[in-house]
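Everything below concerns the one structure shown next.
We did not get these values from a lab; they are worked out from the coordinates using the rules stated. These numbers were taken from a predicted model, which means no experiment stands behind them. Cβ: placed from backbone, ideal geometry, glycine included. Neighbour counts: every protein chain shown.
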Amino acid sequence: MARVVRNLTVLPAHSRVYLRAVQTTPLPSQPKLILIFRRLHWLPVHKRVQFKLCLLAYKDVHSLAPQYLADFCRPVSSVDARQRLRSATRDNLVIDRTCTKFGARSFAVAAPSEWNRLPHHIRALQSIDFFRAALKTYLFDCS
């Protein structure tokens, strides 16, 4: 699952447009495909990437993710120089600095960025099932 999210975040925005077009283009045999997507509550491609990144960040924060992902998502409160910042009390994650657009699409930057954008009431949920439902509802409302 992490490999799929990594591959989708590496794609530039203009390449994700093609994926979105495939998702929303009706097939000749099924003209009501777009209505079916809405009825099935499928997220658009860019929102699905956000969903996966936030879900992996949630698992990382709650120690449910593999160790190789846990190294990328560190709470701001765990860094000594940042413990007194407001972001440390909001349970934000540290976002590493990058010099390139390619680096900004890496998991180490994209996952903490998406996590920090979420409202606090969604991040504070303790059950992964409630988190998934609230996150999907939030992303549907934003689109």
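A cut-off of 5 Å between modelled amide H atoms, ignoring neighbours fewer than 5 places along the same chain, links residue 65 with 60.
Assuming 0.36 nm per residue, please report the length gained on full extension of the stretch residue 14 to residue 106 beyond their Cα-Cα distance.
Working: separation 92, 0.36 × 92 = 33.12 nm, distance 1.70 nm.
Computed gain between residue 14 and residue 106 is 31.4 nm.
Quick one: net charge of residue 130's neighbours, Cβ under 15 Å, K/R +1, D/E -1?
On the way: positive: 59, 123, 132, 136; negative: 129.
That sum, taken over residues with Cβ under 15 Å, equals +3.
Summing Lys, Arg as +1 and Asp, Glu as -1, what charge do residues with Cβ under 10 Å from the Cβ of residue 12 carry, residue 12 excluded? It would help to have the intermediate numbers written out before the result.
On the way: positive: 16, 101, 105; negative: none.
Overall, the nearby charge balance is +3.
Which FRET efficiency, nearest 0.05, do residue 142 and residue 99 yield, Cβ-Cβ r, R0 35 Å? Before the final figure, lay out each step's value.
Numbers: r = 29 Å, r/R0 = 0.84.
According to the calculation, E is roughly 0.75.
May I ask you to compute the full-extension gain from residue 39 to residue 132, defined as 0.36 nm times their residue separation minus their alpha-carbon distance, rounded to one decimal in nm?
Result: 31.7 nm gained on full extension.
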